[in-house]
Amino acid sequence: MSDSIENQLRPLVEQAFEDRSKLKAPEYRAAVEETIELLDKGKIRVATRGADGEWTVHAWTKQAILLYFGIRGMERVEVGAYEYHDKIPLKKNLDQQGVRVVPPGTIRYGAHMEAGSILMPGYVNIGAYVGAGSMVDTWATVGSCAQVGKGVHLSGGVGLGGVLEPPGAKPVIIEDGAFVGSRAIVVEGSRIGEEAVLGANVVITSSTKIIDVTGPDPVEMRGYVPPRSVVIPGTQSKRFPAGEYQVPVALIIGQRKASTDKKVTLNEALRDFGVSV
């Protein structure tokens, strides 16, 4: 993110977020609208990854999104035989951006997909970012502000949750080269590391136990799947006042091998560990 852009727009957005009456002044409305335009073009992002591999959330960009909802009026949008009624327009000029969108796939204005990415009949919400070479497959949804890396495959029906409030909260992050299997769900600011493989129906929330069962003792974590991990859905017994029941967990059962390229590695991971996609 350009420091000059941030220095120019951020103070106005933050002031308007604290005092919505400032949106009556044209300079504050313009700052909100310009921020959304820059998000749409991919010139700024809701969250960025530093050289240390850690992600930084730019809360003021999410504040701008929330303000944008407030200054936009409802309008009817017609696209061929389809009619929409919403505050946020659809993304335009996809051919110029090198993005393939298969009808009735929808990208909301304020989201960005890099050139070479593909959207099947799914949905990408405002503030989201999808990297080059990534596939958002049929009926997959990329929630507001979710960050998807390069070369990612989101299989059919995958749900990436949106995280708009509080503005400082981390969005869902899917790092480069990850594969997310059919009907998997990743929500509440969870992060999937580079080249990880999530099997079908895996659910990752901020409170879901992610258990590495590859060693002699289980290792538990939450909200983060380490790079190159192969993950399947599992259950764990938990006692409640009414009795003992099985609750869902995610099990790390192996690692992608480094000896082959990504495509072969993915195929081997699925075959070797019997992961459904």
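Values in this text are rule-based calculations from the coordinates and carry no lab data. Keep in mind that what you see is a predicted model, and the values were worked out from it rather than measured. Here Cβ is always computed from backbone atoms with ideal geometry, including for glycine, and neighbour counts include all displayed protein chains.
Straight-line reach only, C-alpha to C-alpha below 19 angstrom: list the lysines that Lys92 could link to, leaving out same-chain residues fewer than 8 apart.
Lys41, Lys43
So between Asp95 and Gln15, what do we pick up on full extension, going 0.36 nm a residue minus the alpha carbon distance?
The Asp95-Gln15 span can extend by a further 25.1 nm.
Based on DSSP H runs of at least 4 residues, each adding -39500 (n - 2.57), what is the mean residue ellipticity at 222 nm of the chain after dividing by all its residues, to the nearest 500 deg cm²/dmol?
It comes out at -7000 deg cm²/dmol, rounded to the nearest 500.
Would you list the P(r) distribution for segment 66-136, with all Cα-Cα distances sorted into 5 Å bins from 0 and each bin expressed as a whole %?
4, 15, 27, 26, 14, 12, 2
Give the lysines whose C-alpha is closer than 27 Å to that of Lys238, dropping any in the same chain fewer than 8 places away, or say none.
Lys209
With a point put 7 Å past each Cα toward its Cβ, work out how far Thr48 is from Thr235 in nm, to one decimal.
4.6 nm
Eigenvalues of the Cα gyration tensor times 5, then square-rooted: what semi-axes does that give for segment 90-272, in whole angstrom, largest first?
One finds semi-axes of 29, 20, 13 Å for segment 90-272.
Which FRET efficiency, nearest 0.05, do Val213 and Trp55 yield, Cβ-Cβ r, R0 22 Å?
Efficiency, rounded to the nearest 0.05: 0.25.
How are the C-alpha pair distances of segment 165-213 spread across 5 Å bins, as whole percents from the shortest bin up?
Distribution as computed: 6, 20, 26, 30, 11, 6, 1 percent.
Ile71 versus Lys24, label points 7 Å from Cα toward the beta carbon: distance in nm?
Each label point lies 7 Å from its Cα, and together they span 1.5 nm.
Binned at 5 Å from 0, what are the whole-percent values of the Cα-Cα distance distribution for segment 3-71, short to long?
3, 18, 30, 24, 13, 7, 3, 2, 0
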